[in-house]
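A.B. asks: Input: one structure, supplied below.
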Amino acid sequence: DETLEPPKYPWNHSGPLSSFDAAAIRRGHQVYKNVCASCHSMESIAYRNLIGVAYTEEEAKAMAEEEEVEDGPNEEGEMFTRPGRLSDHFPAPYPNDEAARYANSGALPPDLSYIVKARHHGEDYIFALLTGYRDPPEGVNIREGLNYNPYFTGGQIAMARALYDGAVEFDDGTPATTSQMAKDVVTFLAWASDPHQDERKKMGVQALFTLSVLFLFALYSKRLRWSLYK
Ligand code: HEM
């Protein structure tokens, strides 16, 4: 089939010594919240997970409180709504899969929590997908309710192009071009898929350092001991 391989992009966080770009995660969350969240859930992420990563505790708390969360049953056995808390996870856009499919011409928008890990070519694929919408080549018929995108297997996807220049207003003033939003939302999704990546890399560096010191010491003591037998 004619599915295109995504190009490789130089992600800020992909080197063995590179950490996530916190400002990009923050902007990416703004893209997710204002654009993607109307169709895609992110069940694994709670508001508190954003603290120290992209937002301060006060900001994350304020964001959670904007949400109306269904809770219960209370002592009378009734369900009720309350303002969100830091421990609440991001709200899902649909009550269940049937409702999600009904709203999307039969296709199910996948939960985006681990999507970067779940798809071949991860970040590169999702960036290419989000920015890859174009007119179909001549002779290609697009089925009702689908959209042409050469990076999606089979070339026809139920998701319409979601990102257009200016679709969000970043609170740090970065111009919200289509590719900027795509890059940032992919960085946010990459962080969500692997939130402990930075710590792991740091531990790797520390382990290498410790092992090097131990190795040099071992080398030195071996030489010292054998130096008698010349
Ligand atoms: C599928 C990301 C916005 C509806 C997908 C997939 C990704 C994705 C990664 C999976 C593609 C695959 O299976 O390989 C995003 C991002 C968005 C966004 C990052 C925001 C920038 C939206 C919006 C809607 C939507 C606003 C609804 C209006 C869907 C649907 C599918 C899908 C229905 C399933 C497509 C199919 O299987 O044919 N999206 N999406 N998405 N998305 Fe989105």
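A.B. asks: Within segment 81-102, work out how many residues are within 13 Å of the ligand (Cβ to nearest atom) and surrounded by 15 or more Cβ atoms within 10 Å (Cβ to Cβ).
C.D. replies: Looking only at that region, the number is 4.
A.B. asks: Separate question: Taking segment 116-146, which residues are within 8 Å of the ligand (Cβ to nearest atom) and β-branched (Val, Ile, Thr)?
C.D. replies: So the first thing to find is which residues in segment 116-146 are within 8 Å of the ligand (Cβ to nearest atom), and the list is 119, 125-126, 129-130, 146.
Answer for segment 116-146, where residues must be within 8 Å of the ligand (Cβ to nearest atom) and β-branched (Val, Ile, Thr): just Ile126.
A.B. asks: Just give me the residues in segment 147-198 being more than 9 Å from the ligand (Cβ to nearest atom), within 21 Å of Phe90 (Cα to Cα) and in a loop (DSSP other than H, G, I, E, B), in sequence order.
C.D. replies: Correct list: Val168, Glu169, Phe170, Asp171, Asp194, Pro195, His196.
A.B. asks: Would you be able to tell me the number of residues in segment 103-135 that are within 30 Å of Tyr9 (Cα to Cα) and either open to solvent by 40 Å² or more (accessible area, probe 1.4 Å) or part of a helix (DSSP H, G or I) (or both)?
C.D. replies: 23
A.B. asks: Are there any pairs, at least 6 apart or on different chains, whose C-beta atoms fall under 6 Å, with the first in segment 24-42 and in a loop (DSSP other than H, G, I, E, B) and at pLDDT 95 or above and the second open to solvent by 30 Å² or more (accessible area, probe 1.4 Å) and within 11 Å of the ligand (Cβ to nearest atom), and if so, which?
C.D. replies: That search, which allows pairs on different chains as well, returns Val35/Ala162; Val35/Ala167; Cys39/Pro93; Ser41/Asp111.
A.B. asks: If a residue must be away from the ligand (no atom under 16 Å from the Cβ), of a type in the set (Ser, Thr, Tyr) and in a loop (DSSP other than H, G, I, E, B), how many such residues does segment 43-62 contain?
C.D. replies: Here the count works out to 1.
The values are calculated or read from the model by the stated rules, or taken from the named source; none is laboratory data. Predicted, not measured: the structure shown is a model, and the values here were computed from it. Here the Cβ is made from the backbone with ideal geometry for all residues, glycine too, and neighbour counts use every protein chain on show. These accessible areas exclude ligands, DNA and RNA; they are computed on the full protein's heavy atoms, side chains included. Shrake-Rupley method; radii C 1.70, N 1.55, O 1.52, S 1.80 Å.
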